[in-house]
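The values are calculated or read from the model by the stated rules, or taken from the named source; none is laboratory data. It should be emphasised that the depicted structure is a prediction, and the values quoted were computed from it without experimental measurement. With ideal geometry, Cβ positions are generated from the backbone for all residues, glycine too; neighbour counts draw on all protein chains shown. In case anyone asks, the SASA skips ligands and DNA or RNA and just uses the protein heavy atoms, side chains included. Shrake-Rupley method; radii C 1.70, N 1.55, O 1.52, S 1.80 Å.
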Amino acid sequence: QLQASGGGLVQAGGSLRLSCVISGDTFSGYVVGWFRQAPGKEREFVAVIRWNSRFTSYEDSVKGRFTISRDNGRNTVALQMNSLKPEDTAVYYCAADRNVITSSMRTIRAYDYWGQGTQVTVSS
């Protein structure tokens, strides 16, 4: 079971740190992704990390602003979001799966396990 947290309301240019925690398991062997869905839009890929190798990948619009990382001790995957923009406003979801090949990391269908989502609102 995944639980995402850390969302909130922030002004443009501000920062937020999202966390994704897994219960009943560890993230070892998993690929963990962050996705977001803005009102009226489809869910889209944001960032992904392969736990064991620490391989990461980002959607172009967040490169240089967002950082995905793992915390072994807390069994957590974090998404540090800096220089936030109003267009980053969305519900952010974490997703995880053990059986995700590299070419499918940005694909929603590749993930069986999803957290409940956390709202991020960036005001202008």
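At-a-glance table
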item	result
Percent carbon-and-sulfur accessible area, the chain, ignoring ligands, DNA and RNA, probe 1.4 Å	44
The chain: C-alpha gyration tensor shape, a/c 1.5 cut-off, then a/b vs b/c	prolate
Under Karplus coefficients 6.51, -1.76 and 1.60, residue-wise ³J(HN,Hα) of segment 103-114 in Hz, glycine/proline x	5, 10, 4, 8, 9, 4, 5, 6, 10, 8, 10, 10
HN-Hα J in Hz across segment 42-49 - Karplus 6.51, -1.76, 1.60, θ = phi - 60°, x for Gly and Pro	7, 5, 9, 6, 10, 7, 8, 9
Peptides 77-84, 113-120, 6-13 ordered by average Cβ neighbours within 10 Å, highest first	77-84, 113-120, 6-13
Gyration tensor (alpha-carbon) shape descriptor, segment 23-67, a/c threshold 1.5	oblate
Mean separation of Cα contacts under 8 Å, 6 or more apart, over the residue count of the chain: relative contact order %	36
Within the chain, percent of DSSP bridges classed antiparallel, to nearest 5	90
Relative packing of peptides 50-63, 94-107 - highest average C-beta neighbours within 10 Å first	94-107, 50-63
Per residue, in Å², the accessible surface of the chain once ligands and nucleic acids are set aside, probe 1.4 Å	52
